[in-house]
Structure formats: C-alpha cells, structure tokens
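This report refers to the structure that appears directly beneath it.
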Amino acid sequence: MEATAHKSLKEPIIITTYQTQCLEDYIDNGGYETLKNVLTKYKPNEIIEQIKASELLGRGGAAFPTGIKWNFTAQIKADHKFVICNADEGEPGTFKDRWILEHKPHSLIEAISICAYSVGGDKGYIYIRGEYAESINRVRKALKEAYDNGFLGENILESGFSFNIELRRGDGSYVCGEETALIESIEGKRAFPRFKPPFPGIKGLWGYPTVINNVETLANIVPIIKNGADWFKNYGTKQSSGTKLYSVSGSVNKSGVIEANLGVTLKELLDAAQGMKNNKVFKCALIGGASGGFVYKNELDLPLSYETLKEAGKTLGSGAVLFLSEDDNGESLLKNILTFFKHESCGKCVPCREGYPKLIAMYEAFLENRIKAENIMKLADVMFKTSLCALGQSAKMPLETYFKS
Amino acid sequence: MDIENILKKYSKDKSYLLEIMHDAKESKENRSLDLNDLKVISKYLNINLSAAYGAATFYSAFSLKLQAKYIIRVCSSTVCHIKKSYDILLFLKSLLNCDDDNLSKDGLFAVSEVGCLGLCDISPSMMINNQVYGNLDENSIKRIVEELKNGSNGT
C-alpha cells in the first residue's frame with residue numbers, strides 16, 4: 001500500500017519514516033490527483049465496483065469487504081449520508097493507525113472524500129481518540145490545508161461536488177472503537193453500542209445511512225483507484241488481498257509498524273523486528289490485540305492472513321503482534337487482559353458487565369488449581385454468544401488459545 | 001478561556017458535547033469539570049443535564065473529581081504490562097507521595113493507570129497531559145517529574 005510508499009513489496013519492511021507529509025509534499029507525489037479524476041471522470045458506482053473488485057477487507061479487525069459496505073449505503077436514498085473514519089485505535093498492542101494519522105493525514109482526507117462521492121455522502125467525520133494528541137494536531141492541520149486549497153468544502157476542484165469533514169475527539173473509552181458506540185459518541189452520548197441490525201450502512205449517525213471505515217482501510221483506497229484492483233491483488237494471499245500494517249512489539253529488538261503482504265509468516269515478522277531481545281527464546285505471540293489469540297512455536301510458519309488464522313481458530317484482528325519470550329509471564333498477561341475488558345465494559349449488556357468480574361474470579365481460582373479451565377470456557381462461551389458487541393465476546397479467544405498451549 | 005467563550009466557538013450541534021468538554025477541561029488549571037460547567041454546557045446544547053453528566057462520567061478523560069495541573073496516565077495494557085508498567089506506576093506514586101486518590105502531596109500531579117495508549121513501540125509509556133513519554137525507567141521518570149516541577153514544560 002502506498003500509505004507507506006512502497007510500490008513493490010517483497011519483504012516485510014519496518015517503517016522508519018517519521019516525517020509528516022505536508023500538503024505540498026503530498027501533491028508533489030500525486031496527491032489529490034485521484035480525487036480529481038474520480039470527481040471528473042468516474043461515476044460513483046464505477047468506484048464502488050473497483051473497490052469491490054480489489055476485495056479489500058476492512059482493516060479494523062472485523063475484515064468485512066469494504067466495497068460491499070459502501071454499496072449498502074450507496075443503494076439507499078436518503079436526505080443525508082455520512083462517512084466516518086474510525087480513528088479510535090484502542091486495541092491493546094495496536095499503533096498502526098497512529099502512524100497513518102500522524103504521517104499521511106492527507107491520504108485519509110482524499111479517501112474519505114472519494115468514499116463520500118461514491119456513496120452520496122454529504123458530510124464526514126474523523127473520530128480520533130483523545131489520547132492521540134499528536135494525531136489530532138496533525139489531522140486538524142491537514143484539514144485546514146485541504147480547506148484552504150479547495151480540496152474540501154464547496155464545489156471541490158470545480159467539480160460541483162461539495163463535502164465537509166469535521167474532527168471529533170473521544171477519550172478514554174475502548175468501546176468507542178465499536179462502530180455503533182462510536183456513532184453514539186459523535187452524537188454526544190455515552191458510547192453504548194446499539195443493537196445490530198440495522199447496521200450503520202443502513203441506519204447510522206442521526207439515523208442516516210453511514211459508512212464507517214477504519215483508518216488503514218481508507219489508506220488503501222487511493223492506491224487502489226490509482227493503480228487498479230488487479231494491481232492491489234498482486235499483494236497478499238488469494239482471499240486476503242493487499243498489504244497490511246502489522247504493529248509489532250514486545251520482547252523483540254526493534255518494535256514498530258511493519259508493512260508486509262498479508263500472509264507473511266510470524267517468523268518473517270520476527271526477522272524484520274530483528275529477532276528476540278537479548279537472544280531470548282521465543283515462547284509465543286499474541287496476535288490481534290487483547291481480543292486476539294496466542295500463537296506458538298509450532299505455528300511460526302503460519303501465514304498471517306485473515307483466512308489462515310480463522311482456519312486455525314484464531315484471528316488477525318487489527319494486526320497487532322506481541323512477541324513473548326520464555327521470561328515473559330503469560331499467566332499475568334491473561335489476567336491483565338481480562339482486567340482491561342472488565343474496566344472497559346460499558347455496562348449496557350449483562351453478559352459483559354457481569355461476566356468479566358466473574359471471569360477474573362474464576363481465572364484466579366484456576367491459577368490456584370481450584371477449578372478447571374473448561375469451567376472458565378463455559379462462561380466465556382456464554383458471554384460470546386449473548387453479548388451485545390464484540391467487547392463481551394473478546395475474552396473467549398485469548399483464553400481458549402492460552403489453555404490450548 | 002472561560003466556559004462562555006468556549007461555547008462561542010461552537011454551534012448548538014449536540015455532536016459538539018465532547019469537544020466542548022475537552023476544551024473546558026483544557027482551560028482549567030486543575031483539568032477537571034464541575035457541575036456548573038455541565039449545567040452551562042447542557043443548557044447551551046439544549047440537552048438534559050443528566051446527558052452531559054452521563055458523558056462526563058463515562059469517558060475516563062473527564063473527571064468531576066479533584067484533578068491536578070499535570071495528569072499522568074501510565075499505560076498498563078498488554079505490551080506495557082509485559083514491560084513492567086506496574087513497577088513504573090508504583091515508582092511514580094511513591095516518588096510523588098500520592099495519597100489514596102492518587103493525587104501527589106504537592107497537589108501538582110494526578111496519577112492514573114489507563115488502557116493502551118498506542119505507544120507500544122516505545123513501551124513502557126505514559127502521557128502527561130498531552131505529552132507522550134516512552135522507554136521509561138526510574139531515571140527518566142525522575143528527570144521528567146523534576147522538569148515539570150521546575151516549570152520548564154507545561155503542555
């Protein structure tokens with residue numbers, strides 16, 4: 001993906017660019033040309049067809065096909081339609097969206113505008129978590145640059161298309177990453193997830209059809225339109241096209257955002273991170289953030305794509321990869337994860353709100369050999385089946401994959 | 001800037017609630033909101049006081065309790081946990097002589113443990129107000145605290 005400007009990606013690359021691309025630099029590198037082409041040469045449905053053909057999957061964690069999502073909203077007639085960029089990156093261990101927000105803010109603005117043109121949106125929001133103070137500053141500055149130079153606002157690039165983007169700040173709430181909770185938050189409410197369906201694509205912000213995409217998903221849009229769907233499908237695996245930004249951290253020599261083809265192996269990522277710190281022995285990796293699963297030594301060659309991890313009973317999620325050495329305490333990490341979910345549970349639905357405190361108590365009992373793992377899994381399974389949103393479902397995977405070790 | 005002046009920046013669109021609360025918090029010396037702020041804000045946006053109160057108490061960035069000039073948020077999630085963030089937290093609390101409410105003895109600092117700050121590449125990490133600090137150890141923490149006490153950095 002050109003979010004990181006690597007045009008032909010053969011090996012995983014650790015991203016070391018730390019300069020924000022200002023408007024001038026962005027334009028010098030072909031920035032906003034795609035928007036101009038889209039607005040003047042393409043019909044909205046042609047764009048959607050291209051995104052569909054690219055088979056781009058949502059990069060926030062749920063991996064829903066982006067083109068299909070856009071199409072839902074495009075099909076509906078409504079007085080207003082909205083486009084939201086979900087920049088509430090809160091999944092523990094994930095920091096790739098922060099990199100895009102801080103270094104490529106204009107690529108997001110261009111992508112959101114293209115999305116709005118394709119689905120008939122008249123207003124956009126970028127919802128950034130308040131903890132990302134630097135991202136907020138840089139996106140705010142980029143928005144001003146875009147307005148000042150006619151890339152946003154009335155009659156953009158004299159195409160007749162008008163579109164506005166506003167920034168909204170969250171702060172201190174993990175559940176805001178859930179799309180309907182985020183919408184509630186923009187509406188000025190507590191971030192309680194809504195019942196689905198209806199999905200936001202049909203009934204979202206203020207009840208109007210709303211496309212809501214993750215930052216990294218949007219960062220893929222301009223390269224796809226510019227280079228075509230087939231180009232995009234050169235990267236990645238058959239079912240997971242494109243490259244991915246993996247947030248690599250933990251007991252490795254070099255933590256950072258690593259761009260690699262979807263389907264890269266854990267071993268390759270570990271090499272790109274320059275191996276385990278202090279030559280410690282690799283024990284396992286937690287993939288997909290706190291709500292992800294543990295992957296062990298015998299799975300070092302497992303391709304990290306959406307379909308392969310799913311087949312292995314795990315998830316790629318946000319693409320966070322936390323490497324643990326033999327000296328790292330997995331037992332206490334798991335307790336930390338459960339405690340995090342308990343704290344972040346919004347309290348709306350009973351299984352999540354009441355489940356997590358009980359789950360922690362049971363886990364402590366398990367550590368004292370008073371109960372069996374399968375008892376914990378029974379509760380985690382009930383929470384998985386009955387919780388309103390993914391937060392209450394999140395404990396199952398880390399627990400299950402940890403107990404299977 | 002007082003709350004009335006902050007409100008002038010915004011239209012009466014309900015979706016500005018969090019933005020206004022952010023600005024109000026930033027404008028306060030002790031970075032906390034009080035009930036009066038919420039009354040003024042809710043009246044302006046034409047929402048129930050309970051809705052403003054609900055939001056102010058839901059998002060952990062906002063507090064109606066006594067806060068401090070410097071709010072220290074120590075990341076405690078997965079990666080930082082592995083990198084011994086709990087030791088960092090304990091060290092900070094003892095360095096600052098924090099009371100049971102995690103306020104420092106001199107009233108300058110409020111310490112809290114928070115979920116992932118997305119600074120996993122420079123873990124263990126923390127934020128003081130809007131400033132980011134990473135690769136922490138006891139020495140760097142001592143230095144950072146000292147600098148703030150001497151007033152060399154206020155953001």
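The values are calculated or read from the model by the stated rules, or taken from the named source; none is laboratory data. Computed from a predicted model, the values in this text were never measured in an experiment. Quick reminder, even Gly has a Cβ in these numbers, built from the backbone with ideal geometry, and neighbours come from all protein chains shown. To get the accessible areas, we keep the full protein, side chains included, count just its heavy atoms, and leave off ligands, DNA and RNA. Shrake-Rupley method; radii C 1.70, N 1.55, O 1.52, S 1.80 Å.
For this structure, a couple of remarks:
- Odd one out for residue B:60, checked against (1) at pLDDT below 95; (2) under 30 Å from residue A:184 (Cα atoms); (3) away from chain A (no Cβ under 14 Å): (3)
- Odd one out for residue B:33 among (1) of a type outside the set (D, E, K, R); (2) in a helix (DSSP H, G or I); (3) open to solvent by less than 20 Å² (accessible area, probe 1.4 Å): (2)
- Single residue of B:14, B:25 found to be touching a Leu at 6+ places or on another chain (Cβ under 7 Å) and closer than 14 Å to residue A:190 by Cα: B:14
- Criterion violated by residue A:115 - all others in (1) buried (at least 22 other Cβ atoms within 10 Å of the Cβ); (2) within 14 Å of chain B (Cβ to nearest Cβ) satisfied: (2)
- Filter result for residue B:43 (in a loop (DSSP other than H, G, I, E, B) and among the charged types (D, E, K, R)): no
- Among residues of segment A:106-134 that are assigned by TED's automatic domain parsing to the domain that holds residue A:179, those with a beta-carbon under 6 Å from a residue that is among the charged types (D, E, K, R) and assigned to a helix (DSSP H, G or I) at least six positions away or on a different chain give the pairs A:132/A:98; A:134/A:102.
- Residues being touching a strand residue (DSSP E or B) at 6+ places or on another chain (Cβ under 9 Å), open to solvent by 30 Å² or more (accessible area, probe 1.4 Å) and either closer than 24 Å to residue A:247 by Cα or within 13 Å of another protein chain (Cβ to nearest Cβ) (or both) are entirely absent from segment B:94-108.
- Close pairs (7 angstrom Cβ cut-off, 6 or more residues apart or separate chains): open to solvent by 20 Å² or more (accessible area, probe 1.4 Å) in segment A:269-287, of a type in the set (D, E, K, R) anywhere: A:274/A:254; A:280/A:326; A:280/A:327; A:281/A:326; A:283/A:326; A:283/A:328
- When A:319, A:292 are checked against the criterion of being small (Gly, Ala, Ser), in contact with a Phe, Trp or Tyr (Cβ under 8 Å, 6 or more places away or on another chain) and touching a residue at least 40 places away in the same chain (Cβ under 8 Å), A:319 stands alone in meeting it.
- For residue A:361, the conditions (1) outside the structural domain of residue A:391 (by TED's automatic domain parsing); (2) more than 25 Å from residue A:59 (Cα to Cα) are fulfilled apart from (1).
- Comparison of A:81, A:123, A:96 shows that the only residue that is over 26 Å from residue A:46 (Cα atoms), touching a strand residue (DSSP E or B) at 6+ places or on another chain (Cβ under 9 Å) and of a type in the set (Lys, Arg) is A:96.
Matching residues to (1) of a type in the set (Lys, Arg); (2) within 29 Å of residue A:193 (Cβ to Cβ); (3) under 20 Å from the mean Cα position of the chain (by Cα):
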residue: A:296; (1), (2), (3): no, no, no
residue: A:309; (1), (2), (3): no, yes, yes
residue: A:316; (1), (2), (3): no, yes, yes
residue: A:334; (1), (2), (3): no, yes, no
residue: A:343; (1), (2), (3): no, yes, no
residue: A:364; (1), (2), (3): no, yes, no
residue: A:376; (1), (2), (3): no, yes, no
residue: A:386; (1), (2), (3): no, yes, no
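- For segment A:222-232, the criterion of being surrounded by fewer than 24 Cβ atoms within 10 Å (Cβ to Cβ) and of a type in the set (Lys, Arg) is satisfied by at least one residue.
- Within segment B:45-80, the set of residues being out of contact with any Asp or Glu (no Cβ under 7 Å at 6 or more places or on another chain) and open to solvent by 50 Å² or more (accessible area, probe 1.4 Å) comprises B:46, B:48, B:49, B:50, B:53, B:57, B:60, B:65, B:66.
- Among (1) open to solvent by 30 Å² or more (accessible area, probe 1.4 Å); (2) at pLDDT 95 or above; (3) within 13 Å of chain A (Cβ to nearest Cβ), the one test that residue B:40 misses: (3)
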